[in-house]
Amino acid sequence: MPSIRFYFDLGSPYAYLAAERLHTVLPEPIQWQPILLGGIFALTGRSSWALGDHERRAAGMAIVEARAQAYGLPPMRWPGPWPSNYLYAMRAATYAFSIGLGRDFTMRAFRDAFQVGVDLAIPANVLRAAAEVGIDAAQVEAAVAAPQIKRALRDATDAAFALGVIGVPTVAIGEQTFWGEDRLPDAAAHLSASAG
């Protein structure tokens, strides 16, 4: 069976929606890979729809809210401000995966952000999410400043871009990428065709 990888950034509400549904659409094993969306934007010369004009931003937020409702998820609570700087949170996620608690931390952080409205740009909020899944806050603080964690996140982002990842969420089935939360069924169909 081809490998399955899920590329995400904790600042992305669409990645949150994908993370909540991933296990219902695709079989395990799935490799979850934190990448820095800001780094992808720098490499592609693009920017977030959330930083565009007010009408485009409001329309995008309404789509996310409608999808969350359609999927039976709690109502969206947007962090204020959103989007903000998720570098600290993404380094924490990278560390969490290195110690085997990545999915737990990622889901806690996603739900804090988009079900509670917690700003993950504030380190204390990230540390609290980590503590809730059994990760020592002092270890996270040390890790986010560690050169190897910084390099791991940067290398993962560069490798994702080299594969063709231009945004999040992206699911890769082998070398084939599917960008967008709404492309999960396409990824599943491609996997079935590949396995058949």
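Residues that are over 14 Å from D9 (Cα atoms) and small (G, A, S) occur at least once in the range 34-45. Within the set S47, S84, the sole residue that is in contact with a Phe, Trp or Tyr (Cβ under 7 Å, 6 or more places away or on another chain) and at pLDDT below 95 turns out to be S47.
Checking each residue in the range 161-177 for being over 17 Å from Y16 (Cβ atoms) and touching a helix residue (DSSP H, G or I) at 6+ places or on another chain (Cβ under 8 Å) picks out F161, V165, I166, A172, I173, G174, E175, Q176, T177. For the range 1-39, filtered to residues that are farther than 27 Å from G117 by Cβ and touching a residue at least 60 places away in the same chain (Cβ under 8 Å), the residue that is surrounded by the most Cβ atoms within 10 Å (Cβ to Cβ) is I4. Taking the range 78-99 as the range and being surrounded by fewer than 21 Cβ atoms within 10 Å (Cβ to Cβ) and assigned to a helix (DSSP H, G or I) as the test, the residues that pass are L87, Y88, F97, S98.
Based on this model, can you work out whether A160 counts as surrounded by 14 or more Cβ atoms within 10 Å (Cβ to Cβ) and over 21 Å from P13 (Cα atoms)? Spelling it out, it is not the case that A160 is surrounded by 14 or more Cβ atoms within 10 Å (Cβ to Cβ) and over 21 Å from P13 (Cα atoms).
Restricted to the range 100-117, and to residues there that are touching a residue at least 12 places away in the same chain (Cβ under 8 Å) and not in a helix (DSSP H, G or I), the residue that is farthest from A131 (Cα to Cα) is G117. Scanning the range 40-76 for residues that are over 30 Å from A162 (Cβ atoms) and either assigned to a loop (DSSP other than H, G, I, E, B) or in contact with a Leu (Cβ under 6 Å, 6 or more places away or on another chain) (or both) gives D53, Y71, G72, L73, P74, P75, M76.
The values are calculated or read from the model by the stated rules, or taken from the named source; none is laboratory data. The structure presented is a predicted model; accordingly, all values stated were derived computationally and were not measured. Here Cβ is always computed from backbone atoms with ideal geometry, including for glycine, and neighbour counts include all displayed protein chains.
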